[in-house]
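Before any comments, here is the structure.
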Amino acid sequence: MNVMDDKTASARARVNMPGRILVAGLDETRDCLIRDLSAHGANLEVRDWAEVPLEFYLLFPGRANRAGVRRTCQRRWQVGDVVGVRFIDAAVDIAVRNTLSDDTDLYARLTGLPLKI
């Protein structure tokens, strides 16, 4: 599957925010750029990583007195430095809600739901 064939289950919003990738069993994290985000997945930009692992944790930074969020991800495709991931943990909406808590209109467009914090 290439980038152009990516069929998302929900609308994506360009966020261009920093993130970190944590692979279970390893004590290191790697920086990434979260290019866009939806309730069900994200597109990431990684540097100097020939093949991102099939499953990993994506760490979202915290915002103003809020803890960061960790999502379990499955790599769906990778083309060069761009990786498409699907969230596979049970909390489908938590990262989007916390990340977009200051933008209720964008949250509603992405999820079709009103923002409830």
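Quick note: the coordinates plus some simple rules give every number you see, no bench work behind them. Worth saying up front: this structure is predicted, and the values here are computed from it rather than measured. Cβ coordinates were reconstructed from backbone atoms using ideal geometry, including for glycine residues, and neighbour counts include every protein chain displayed.
Here are some notes:
- Backbone N under 17 Å from the Y57 label point (7 Å along Cα→Cβ), restricted to the range 18-49: 19-32
- Label sites at Q74 and L26, each approximated as a point 7 angstrom past Cα along Cα to Cβ, lie 2.0 nm apart.
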